[in-house]
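K.L.:
Sharing a structure below in structure tokens format, with a few things to ask.
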Amino acid sequence: MDLGIDGKRAAVAAASGGLGFASASALADNGVRVVICGRDRDRIEAAAAKIGHGCVGLVADVSHPAGASSFIDQARERLGGIDILVPNAGGPPPGTFASTDLDAYPAALDLNLLSTVAMCKAAVPAMQEQRWGRVVAITSVSVRQPIASLILSNTARAGVTGFLKTLAREVAADGVTVNSLQPGLHATGRMLQLHGGSPDPRTLGIPSQEMGDPADFGQAAAFLCSAQARFITGVALPVDGGTYAGLQ
């Protein structure tokens, strides 16, 4: 299916690997001009080369608002503008209420809340002016169903989901859609490392009995950026093989 985004310009954060990389790759395969970022020059340049289609890799640290804003500024300079924004970042350290000190929260909020706010602040006004834009943030299914021992991530990602929902309603009339994807367990390098190689999905509580394919996740992100998805906004969509057990 032609997604109607050939020639659009996208900035995809934290895309040297994992779901950010998969999203950037899917957009590039659909004719989008893509700029990605990561903290390690060798890794991000290798990722850009693997994506191909003229993808550009930039060194930027989006774990704090200043770095996130800088990435958008650099991407805009390279592309001449930004039509599509995919906010993304790694997760904060694990911990429980008892084991996590109060002073650990600001860094987690910078990483998974304020960095996204900063990227949107830097990119969305121009989308409003041109009357077309897409924001597709990568968060976590923990927003709907908090994950044990991830209190920092659960807290910060719930906050960014509230921000994105509010933003979606405020910019909808300007032709800008704002959505988020909430991944469950996908077979990324980091996830396989955390679970010791190739775990049995049946032991991880995934009803589909398989870990998610990052490439499939990327296609879901690309669809939400499409012309056909123009009436979908304010949505926080679980992509988790049925892991989330709630009704809403």
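K.L.:
If each residue of separation counts as 0.36 nm, what is the full-extension length gain between ALA49 and THR166 once their alpha-carbon separation is subtracted?
P.N.:
38.5 nm
K.L.:
Could I ask something else about it? Can you give the % of DSSP beta bridges in the stretch 9-239 that are antiparallel, to the nearest 5?
P.N.:
Given both bridge residues lie in the stretch 9-239, the antiparallel proportion sits at roughly 0 percent.
K.L.:
Right, here's the next one. Run the numbers for SER99 and VAL59: contour at 0.36 nm per residue of separation, minus the present Cα-Cα distance, in nm.
P.N.:
Gain on stretching SER99 to VAL59: 11.1 nm.
K.L.:
With runs of 4+ DSSP H residues as the only contributors, calculate the mean residue ellipticity of the chain at 222 nm using -39,500 (n - 2.57) per run, divided by the residue total and rounded to the nearest 500.
P.N.:
-12000 deg cm²/dmol
K.L.:
Could you work out the mean projected area of the convex hull around the alpha carbons of the stretch 1-109, in square nanometres to one decimal?
P.N.:
The orientation-averaged projected area of the Cα hull of the stretch 1-109 comes to 7.8 nm².
K.L.:
Enumerate by residue number the trypsin sites (Lys or Arg not before Pro) in the stretch 17-126 meeting two conditions: DSSP loop (anything except H, G, I, E, B), and at most 15 other Cβ atoms within 10 Å of the site's Cβ.
P.N.:
Passing both the DSSP loop test and the Cβ count: ARG39.
K.L.:
So for each of 164-174, 95-105 I average, over its residues, the number of other beta carbons within 10 Å; can you give me the resulting order with the highest mean first?
P.N.:
Ranked from most to least packed, the peptides come out as 164-174, 95-105.
K.L.:
Alpha carbon centre of the stretch 7-40 versus the stretch 114-160: separation in Å?
P.N.:
16
K.L.:
Highest mean first, how do 60-66, 217-223 rank when packing is the count of other Cβ atoms within 10 Å averaged over residues?
P.N.:
217-223, 60-66
Taken together, the values in this text are just the output of simple stated rules run on the coordinates, not laboratory data. Keep in mind that this is a model prediction, so the values were computed, not measured. All Cβ positions, glycine included, derive from the backbone under ideal geometry; neighbour counts span all protein chains shown.
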